[in-house]
């Protein structure tokens, strides 16, 4: 079947098998390998992307669900529009050493941005609860939590585009 | 021009840009032209004979390219997976070492054992075809626990391994320990279980293999912590290929924790299969597949006894452990519960006599091998738990009892009764630092506040020492290592003065690209941004033993430091020629070679140009070029140590344990990048907290099925399980590594399980609880509380 959607701010139209998962569509067909697959039970969150601004696990989403919607992956993030800058949340992860092996990072960053969009100032407890769907095995979460709080402040302070 | 960023600074990591923007290059991201897909058919039974395999229906399916089984492996005359360590029992008898075939040969020994490899055009086709492979199993009785496995009449995994005992290993002076126990004023006793764990790096294992018939070259991309070791073991011992015709690449790897430091059968099978089908083949494990095939960790059953005099001085320690090896010997398997366990039982204490007996046991479970800490968390757990038991028995304060027995700073170097000699340390300094940071003196107030809201609060201490920086080859050889454990590095100064380092360690989260660049930046005075670190490719990097055992900085960093020194030595010769001075008068500092007492100098960049454009150059006595290589073999292990303090609150209504505070003060020697060290400590601590409170690999005793086989069933620590931790370093310098470094990758995981469980026991002490096995789940704690509160004998 044919689907049309916006991918990282660009319109795309594709022929897909209806049973294609969005993870597979991104990784195997569109060569966007930044979205990772860390489990088979929708627990780890390495595959989180934004669908119309909401964080969703792309491992449990079928390609036809993208029809008419806007999909943003880790590759679609940027700071100031048109710049090569990191998005403020990516920059906050870098500044706070919120990543080690990098495998959970794309999903973690996407979840974090969605959290920040939902609320302008996040407490530590809100960030920890908000990341319940993302597993990191390396960092012990401490620096991720600090990064998300700082990234949220930066997003609401300086303003940014996604 | 950028700046020199050296030792002690915390530059942000070089590797972050690609990871943060989705441009990492993990094995599962790689595609090769004409690539086919492979799927492993795994045993659904814990123990069964294979009476026959019918491939026909699978082979007839459209899209299927090949179905390979153990019979094909045998027909090609291939070897089995080697064990890298050969230990012996007290009489010098070698361990039982049954073969570990890369695909099952007539028998399967655990759920997940590999039976066939199916190659097809797509993963979907291969998966469907795997279901069509008919395996005729004769199911046998199985055994999963060590206590059951050594009982008379237990199912036997191997005909020639009586009682399933691989090796009955011992260490220490048994007679001296027996004598000390006879003189003891008190003997503390403890039986405990060290729970089986599954490492769960977030990237599942994966491999791609390709064969080029034009060159005869095999290439294997694999999620490995040590590509050179995989190349050596696989080519020399399993597939019997010339080593120079095999290239192993481990690109970005999404976490290891030990799980990816073994040579796995999947690697050998896929490399062999790619040549048979003349197509690149890719395999990516699902998480469920990881659970039944990634090597597991821990799984000990232990009885320990500590003899003390009337003042609480430790006289002797006796430890008897049954260690689960699973169904076969993995790469480091038998080394972990023996050589990396027994020698750590001295801890930070002056215990004069120690005896340790470990029975290494086969069971119908996934092979057990190293997982972050590997043997050392198990030893620390035994020691730090029994010290608490002794303190409680004798009515001596837990901290005071530890203090009375700690090795004073002045006593280093300190020879323990169990092989190792600690070069440096300051356990009392770490303890005092942790007591202050954890605000222990106000714990009573916090406990009272918890009590007012109906909660039990507990405080737990753990000290530890570990042996890492694996390893001095000669020493390891005496203990049974079958390989060397040195490391190598090349420092390549380019004609324009930038530097590429080629190093045999592997970076999979530890930040080596940053830390190692800081070392070069400082030593050579080169801008941090002008140094890149290359690793993980046997065709680019000369050789290396990889990353495990907190060895990368300690051993690899030392090789790097040596190679940089050699660059300086050569640079001085070139500078002496250019500056028309004696070599002895040339000084190198901050990137400049200068003639002592003058302002005449050449920069490293100018020296590099002269070396690569040798027009004015001493060609008669010096080769052109500026690239040096060094191998470093350490003279001793390094011994990081420290003190961890955990504070927990327990809700008696639910049994839920909340970790409310955590403090760690660790002695990791010289710190190169404090930000990265802190991150390693955080992550390590949380893995230990996971073992203490959440994680447990559970097998069904009758069927041998893994019950905790997914992230739904195996509880991993999540962000909302944890408090903000306080970590600090209290460093003494290692006396034998070039930069005084000791390693920090495993310390968190070694110190934390005992600290957390000691806190849980402390919180429940008023109920008469003296020990809690891990993980301290709500169910387990609730039952303890209920049993303690029950009125007597209401039948």
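Taken together, the values in this text are just the output of simple stated rules run on the coordinates, not laboratory data. This one's a predicted model, so the numbers in the text were calculated from it and none came from an experiment. Counting neighbours? That spans all protein chains shown, and the Cβs are built from the backbone with ideal geometry, glycine included.
Values as computed for the structure displayed
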| item | result |
| --- | --- |
| Normalised contact order of the stretch A:2-77, rounded percent, pairs of Cα under 8 Å and 6 or more residues apart | 41 percent |
| For chain A, calculated [θ]222 nm from helices alone, where every DSSP H run of n ≥ 4 adds -39500 (n - 2.57) | -8500 deg cm²/dmol |
| The stretch A:88-157: Rg to Rh, with Rh as the Kirkwood radius over Cα pairs | 0.91 |
| Residue order, fewest to most surrounding Cβ atoms within 10 angstrom, among B:198, B:568 | B:568, B:198 |
| Per-pair calculated FRET efficiency, R0 = 35 Å: residue B:787 and residue A:119 via Cβ, rounded to 0.05 | 0.20 |
| Principal-axis tilt of helix A:105-118 within chain A, Cα atoms, nearest 10 degrees | 80 degrees |
| Computed lengthening from residue B:173 to residue B:276, 0.36 nm per intervening residue step minus Cα-Cα distance | 31.6 nm |
| Partner chain coverage, peptide B:675-684 - average Cβ within 10 angstrom | 5 |
| Point-to-point label distance, residue B:779-residue B:411, nm (Cα→Cβ direction, 7 Å offset) | 4.4 nm |
| Computed Kirkwood radius, in angstrom, where 1/r is averaged over Cα pairs of the protein assembly as shown | 29.2 Å |
| The stretch A:1-148: relative contact order in percent, alpha carbon pairs under 8 Å with at least 6 residues between | 25 percent |
| Net length gained if the chain between residue A:15 and residue A:62 were fully extended (0.36 nm per residue, minus Cα distance) | 15.6 nm |
| Residue B:701-residue A:69 pseudo-label distance in nm [points 7 Å out on the Cα-to-Cβ vector] | 4.8 nm |
| Kirkwood hydrodynamic radius over Cα pairs of chain B, then Stokes diffusion coefficient at 4 °C and 1.567 mPa s, in µm²/s | 47 µm²/s |
| Relative contact order for chain B, counting Cα pairs under 8 Å that sit 6 or more residues apart, in percent | 16 percent |
| The protein assembly as shown - share of DSSP beta bridges that are antiparallel (%, nearest 5) | 80 percent |
| Relative exposure of B:766, A:36, A:117, judged by other C-beta atoms within 10 Å (fewest first) | B:766, A:117, A:36 |
| Peptide-level mean, for B:686-697, of C-beta atoms on other protein chains within 10 Å | 1 |
| Projected label distance in nm at residue B:3 and residue B:620, using a 7 Å step from Cα toward the beta-carbon | 4.6 nm |
| Helical mean residue ellipticity (222 nm; -39500 (n - 2.57) per DSSP H run of 4+; nearest 500) of chain B | -8000 deg cm²/dmol |
| Linear extension gain, residue B:148 paired with residue B:183, 0.36 nm per residue minus alpha-carbon span | 9.1 nm |
| Average other protein chain Cβ within 10 Å of Cβ, residues B:480-486 | 0 |
| For the stretch B:87-169, the spread of Cα positions along each principal axis, largest first, Å | 54, 25, 19 |
